[in-house]
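Data first, discussion second: the structure below is written as structure tokens.
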Amino acid sequence: SSLPSLKREMRNLSEECSLEPVTVSMAYVYFEKLVLQGKLNKQNRKLCAGACVLLAAKISSDLRKHEVKHLIDKLEERFRFNRRDLIGFEFTVLVALELALYLPENQVLPHYRRLTQQS
């Protein structure tokens with residue numbers, strides 16, 4: 001699956017889980033940062049995408065425990081990976097992003113505009 005189709009999957013999954021467009025936008029920024037750092041490969045790109053969605057949801061949404069569990073279930077089902085791998089990879093992504101999960105508006109806004117115009 002190519003990067004644009006992975007981003008489409010991220011968006012569709014986020015809509016199914018009722019995540020806000022700003023959350024999806026943040027996940028896109030995290031994902032693109034990993035791409036630019038050369039951290040993605042064929043083996044880990046789905047895990048990267050899933051971890052980016054999970055981190056964005058945790059940082060930008062007021063999710064309850066059962067909503068996080070539902071999101072992880074959906075990620076596991078959609079991207080076909082094991083939840084244990086996802087949870088472990090979440091930390092790897094966090095380190096690669098240098099713990100910088102709060103993003104400047106100018107990085108998030110272009111994605112946000114595109115997402116809100118598409119829906």
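Values computed for the structure shown
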{"read-out": "Flag for K7 being of a type outside the set (A, V, I, L, M) and more than 23 Å from Q118 (Cα to Cα)", "value": "no"}
{"read-out": "Residues (modelled with pLDDT under 90, open to solvent by less than 100 Å² (accessible area, probe 1.4 Å) and not hydrophobic (A, V, I, L, M, F, W, C)) located in segment 91-106", "value": "P104"}
{"read-out": "Qualifying positions in segment 85-119 - in contact with a helix residue (DSSP H, G or I) (Cβ under 8 Å, 6 or more places away or on another chain) and of a type in the set (D, E, K, R)", "value": "D85, E90"}
{"read-out": "Residues within segment 28-84 that are farther than 18 Å from L94 by Cα, hydrophobic (A, V, I, L, M, F, W, C) and free of Cβ contacts under 8 Å to residues at least 24 places away in the same chain, tallied", "value": "1"}
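Conditions (1) open to solvent by less than 40 Å² (accessible area, probe 1.4 Å); (2) within 16 Å of L115 (Cβ to Cβ), marked per residue:
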position	(1), (2)
N12	no, yes
A51	yes, no
L54	yes, no
I59	no, no
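The values are calculated or read from the model by the stated rules, or taken from the named source; none is laboratory data. This is a predicted model, so every value here is computed, not measured. Here the Cβ is made from the backbone with ideal geometry for all residues, glycine too, and neighbour counts use every protein chain on show. Note: accessible area is taken over every heavy atom of the protein model, side chains too, but ligands, DNA and RNA are not part of it. Shrake-Rupley method; radii C 1.70, N 1.55, O 1.52, S 1.80 Å.
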